[in-house]
1. What distance in nm separates the simple spin-label points at N269 and E116, each placed 7 Å from Cα in the Cβ direction?
2. Quick one: pull the percentage of alpha-carbon pairs in region 18-64 with a separation above 11 Å.
3. Cα-Cα pairs above 13 Å in region 51-113: how many percent?
4. Normalising by the residue count of the chain, find the relative contact order in percent from Cα pairs under 8 Å and 6+ residues apart.
5. For region 4-111, just the Cα atoms, rotate onto the principal axes and tell me the three extents in Å, largest first.
6. Given the -39500 (n - 2.57) contribution per DSSP H run of 4+ residues, what per-residue ellipticity at 222 nm results for the chain, rounded to the nearest 500 deg cm²/dmol?
7. Roughly what would the spin-label model give for D29 and E200, points 7 Å off Cα along C-beta, in nm?
8. Can you give the extra length, in nm with one decimal, that the chain gains between V178 and A21 once fully stretched, where that is 0.36 nm per residue apart less the Cα-Cα distance?
Amino acid sequence: MSIVTRLFDADGTDREVDLDASVVKGLTDHQLLWTDVSGDDEGELRRTAELFSLESQSVHNLLKPIGRPRLYVLTDYFEVNVVALGDDEEPVPLDLFAGANWVVTVHHDEIAFLAEFRDQLVGDTELGRIEAPSFLAGLLDWQIGTYFESVDELERAVDVLDERALRKRDYEDRFSVVTDLVRLRHRIGTLRRMVTPHREVFGALARPEFEVIATSDSAAHFRAIADRLERAIDAVENARDLLIGSFDLYMTQTAQRTNDVMRILTIVNVILLPAVVLAGIMGMNFKVGFFENANLFWVVLGVMVAIAVISVLVARWRRWL
């Protein structure tokens, strides 16, 4: 269980503090408190909820994350439930709470972007002067950034897959290309199902009727975040289209190789079929004066070779070989 509390003080020094009731109750207008809770210890979660006077609905969500995007507007704060990317792009429920001058983030598993966000807040800042919803908007913006990073990785993987599909390969490599296609399809589908449901929540945060935000300085931030989410969804759809294009490319290459094999077999048949016909005729079991001349064997053999050579030359001229 990890609890990191950072106090942003515009009139003093930004610093990490121990979370207790005196810190929460002593907040001023030029201070902002961010508490990041990582873990699923029920005692610590209930203690954190009590310090910030969270209502029973929020406490229930902390103990049993719903695992899908939701928005709750309560008496003295509002709650946003989102799904972030964890290790190996696994979905991790993230609960965010914003009050007058405090923000609480709770997640049972580690979330990399929160640590990165915290690490870049070095030295003294003026964050103590901003409103809690604006700080929350910054966190959500970083969350959307992780979606774009995941899409970039998927697009690079698709590019590598395209190169492999265009190379000559053996059976095992062909099988691995299909396996990677299925794996990437699963990753894109998982990311799409993770990102798309946020549209309703982020849209609600940006609507004018949501007075908690609409009347604050953060309204423009949430509208920009909603637009950025739409671009993230479009990026995921584009990655899906790229993967479909990779599959079409793979099938085209497979069909081309099949055509190459059939062309070679056809040319072999063209070369051998006349010889087979001549050999069949010459080997028929009846007597004809024509067959009495032993020198005709070499004539027939020469005709067979000539037909084979002509067939090869025609195939090379028509670029069939």
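1. 5.8
2. That fraction is 70 percent.
3. Numbers: 1165 of 1953 pairs.
Percent of Cα pairs beyond 13 Å in region 51-113: 60.
4. Working: 380 pairs, mean separation 44.6, N = 321.
Dividing the mean separation by the residue count of the chain yields 14 percent.
5. 40, 31, 24
6. -20000 deg cm²/dmol
7. Taking the two extended label points, one gets 3.9 nm.
8. Values: separation 157, 0.36 × 157 = 56.52 nm, distance 5.72 nm.
So the chain would gain 50.8 nm between V178 and A21.
The values are calculated or read from the model by the stated rules, or taken from the named source; none is laboratory data. This one's a predicted model, so the numbers in the text were calculated from it and none came from an experiment. Neighbour counts run over all protein chains shown; Cβ positions are idealised from the backbone, glycine included. Remember, those area values only see protein heavy atoms, side chains included, never the ligands or the DNA or RNA. Shrake-Rupley method; radii C 1.70, N 1.55, O 1.52, S 1.80 Å.
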